[in-house]
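The values are calculated or read from the model by the stated rules, or taken from the named source; none is laboratory data. All values reported here derive from a predicted model rather than from experimental measurement. In this analysis, Cβ positions are derived from the backbone assuming ideal geometry, glycine residues included, and neighbour counts consider all displayed protein chains. These accessible areas exclude ligands, DNA and RNA; they are computed on the full protein's heavy atoms, side chains included. Shrake-Rupley method; radii C 1.70, N 1.55, O 1.52, S 1.80 Å.
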Amino acid sequence: LFDLSQKTNEILSGQSSAVFQVYYYLSLDDSQNDVNRIVAPLNNTSVNQVMYYRIEAIGNSNCSAISNFKLVVSRKPEANVPSNYFQRDDVANDGVAFFNLNSVSSSVLGNQNASQFSVSYHLTQSDADSDSNTLATTYQNTSNPQTLFIRIENNQNTTCFSTTSFQIGLYQMPIANQPLNLFVCDDESNDGKDVFDLSQQDDSVLGVQNDADFVITYHGSLSDAQSGLNTLSTNFTSASNEQIIYGRIENKLSSSCFAVTSFTLFVKPKPIL
């Protein structure tokens, strides 16, 4: 539905409405003959429908000019909600990093044509609604996590837009503290093998970090610890004296956010009296 009267001031373009008046028509013939004037809001009947208007001097219909414009209905974009954008923190664990917001745009667009729509990022909903204070696409967060607001608009009609929001943030990088080695006294067989309770190392590996945020596992090789494979039982029987065990501490929210440490299992021979 189009309110044609909204074009009147633009058509007058500074000319006085006390001197000239504007009328609207569906066809060139109607405008030339000044018949079938449109006096109410109009629903367009075709894509890019051509409308005609006549501007004439009040009191002198012979003093007139005719031109036209199109009724364009712009496609309203759909703001698809992207997944939250979290990445692992660095060793500083300060909760601050740069985020590539361009990497989110394809999710916002979905199947919509990127050449027809523009995506921008904002700190507040009001900024997104008014298209103000657009953020640089390489953005450094100011809190962790932080909510950002997205605006997607039709390039041919910037008043035709939708908005959504998502969160950016950083997973805390764990610190794998170095635990002390473990020692046991061999049994009567003196074969250099014995059972160790690996879980007693948890507190040392964790340190002051919150155990609710991290999980600790133990592995027989560095590669297993780095890949998180072949986790050892906490009641572990050593294969030999001075066996190296690798501890992995991992952020529960991101398996790619981990650190590794190691310690040695010593089986001391039991003396014979």
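Applying the Karplus relation 6.51 cos²θ - 1.76 cosθ + 1.60 with θ = phi - 60° to the stretch 11-26 yields 3J(HN,Hα) values of 5, 5, 6, x, 6, 6, 6, 7, 10, 10, 10, 10, 10, 10, 9, 8 Hz, where x marks Gly and Pro. For the chain, the solvent-accessible area works out to 57 Å² per residue, with a probe of 1.4 Å and every protein chain left in place.
Only Lys, Arg, Asp and Glu carry charge here, each on its Cβ (+1 for the first two, -1 for the last two); on that basis the chain has a dipole of about 1120 debye about its Cα centre. Only Lys, Arg, Asp and Glu carry charge here, each on its Cβ (+1 for the first two, -1 for the last two); on that basis the stretch 1-104 has a dipole of about 240 debye about its Cα centre. Among the protein heavy atoms, those of His122 account for about 0 Å² of accessible surface (1.4 Å probe, every chain in place). 3J(HN,Hα) along the stretch 79-89, derived from phi through the Karplus expression 6.51 cos²θ - 1.76 cosθ + 1.60 where θ = phi - 60°, amounts to 8, 5, 7, x, 5, 4, 10, 10, 9, 7, 6 Hz, with x in place of Gly and Pro. In summary, the lysines within cross-link reach of Lys7, defined as a Cα separation below 25 angstrom excluding same-chain residues under 8 places away, comprise Lys70, Lys76. Highest mobility in the GNM of the chain, judged by mean-square fluctuation with C-alpha springs under 10 Å and restricted to Ala18, Ala57, Ala176, is found for Ala18.
Taking the charge dipole of the stretch 33-147 about its Cα centre, with +1 at Lys and Arg Cβ atoms and -1 at Asp and Glu Cβ atoms, the residue from Val47, Gly95, Ser107 reaching farthest to the positive side is Val47.
Using only the Cα atoms of the stretch 199-241, each taken as one equal point scatterer with no solvent, compute I(q) by the Debye sum, divide by I(0), and report log10 of the ratio at q = 0.21 Å⁻¹. Debye curve over Cα of the stretch 199-241, log10 I(q)/I(0) at q = 0.21 Å⁻¹: -0.80. Recomputing Rg/Rh (Cα atoms, Kirkwood Rh) from the coordinates shown identifies the correct label among (1) 1.06; (2) 0.97; (3) 1.41 as (3). Counting every pair of alpha carbons in the stretch 8-146, the share spaced more than 20 Å apart comes to 65 percent. Only helices enter the 222 nm calculation for the chain: every DSSP H run of n ≥ 4 contributes -39,500 (n - 2.57), and dividing by all residues gives -3000 deg cm²/dmol, rounded to 500. Other residues with beta-carbon under 14 Å from the beta-carbon of Phe214 carry, at +1 per Lys or Arg and -1 per Asp or Glu, a net charge of -3.
Only one residue of Leu182, Ala225, Gln167 has its Cα farthest out toward the positive end of the dipole of the stretch 166-273, where Lys and Arg carry +1 and Asp and Glu -1 on Cβ, and that residue is Gln167. For the pair Asn80 and Thr234, label points projected 7 Å from Cα toward Cβ lie 4.4 nm apart. The share of C-alpha pairs in the stretch 53-92 whose separation exceeds 17 Å stands at 69 percent. Ligands, DNA and RNA excluded, the heavy atoms of Asp94 present near 90 Å² of accessible surface to a 1.4 Å solvent probe.
Which net charge results when you count Lys and Arg as +1 and Asp and Glu as -1 among the other residues whose beta-carbon is under 9 Å from that of Val22? Combined, the nearby Lys, Arg, Asp and Glu give +1. Note on the stretch 53-202: with charges restricted to the Cβ of Lys and Arg (+1) and Asp and Glu (-1), its dipole about the Cα centre is near 1740 debye.
For the chain, averaging the sequence separation of C-alpha pairs within contact (under 8 Å, six or more residues apart) and dividing by the residue count gives a relative contact order of 14 percent.
All other residues whose Cβ lies under 12 angstrom from that of Glu153 are scored, Lys and Arg at +1 and Asp and Glu at -1, for a net of 0.
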